[in-house]
């Protein structure tokens with residue numbers, strides 16, 4: 001245990017300022033998401049932009065593509081949440097059967113495509129692991145943009161596998177950020193369920209599971 005703690009402290013001491021800034025905006029993004037605040041998207045755009053550069057250096061190519069995807073989905077989500085001023089905000093709802101099918105397609109289809117790309121066209125030494133972390137995060141982010149309660153569960157599946165991967169790739173602050181996101185996502189899930197239960201039923205349809 002003492003050995004792993006010393007290794008962690010050594011990695012943190014060697015962490016560059018750019019990783020610290022990226023982590024700061026990552027924390028801001030998830031806290032804003034937990035509060036159901038649309039400002040999560042501009043914070044996310046800054047954090048993911050910095051992360052792209054850092055992950056390329058670490059040869060985590062699927063994670064890099066994931067952050068490019070985050071940029072695109074942040075722009076889309078920002079628009080989707082705000083869309084028209086004379087319309088009510090997009091409500092928080094449960095995921096429908098059709099949306100679960102799309103989520104599964106993103107997860108497993110994305111994993112297969114990413115794995116084949118990493119295995120055949122990059123020097124990645126963790127193609128299976130890297131691809132799975134990214135594909136599950138893709139799916140969770142899609143659910144987040146649709147304001148689906150289960151986005152937190154799918155994102156935490158990605159976080160669970162991402163933490164050891166990031167430590168392995170000597171990105172300790174990103175690993176600790178992901179661990180923090182894992183804890184916050186648990187609270188986010190229950191907070192969004194509470195918002196759903198307290199909302200007028202005319203605005204929030206019953207879950208179709």
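Residue 179 to residue 105: extension gain in nm, 0.36 nm per residue of separation minus the Cα-Cα distance?
Working: separation 74, 0.36 × 74 = 26.64 nm, distance 2.61 nm.
Extra length available between residue 179 and residue 105 comes to 24.0 nm.
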Relative contact order for the stretch 93-203: what percent, with Cα pairs under 8 Å and sequence separation of 6 or more? 23 percent
Which distance in nm do the two modelled labels at residue 76 and residue 160 give, with both placed 7 Å along the Cα-to-Cβ direction? 2.5 nm
In nanometres, the difference between 0.36 nm per residue of separation and the alpha-carbon distance of residue 168 and residue 112 is 17.9 nm
Mean projected area (nm²) of the alpha-carbon convex hull when the stretch 49-208 is viewed from all directions: 9.8 nm²
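The numbers here are math on the coordinates, done by the rules we state, and not lab data. This structure is a prediction, so every number in the text was calculated from the model and none was measured. Note: ideal-geometry Cβ built from the backbone for every residue, glycine included; neighbour counts use all protein chains shown.
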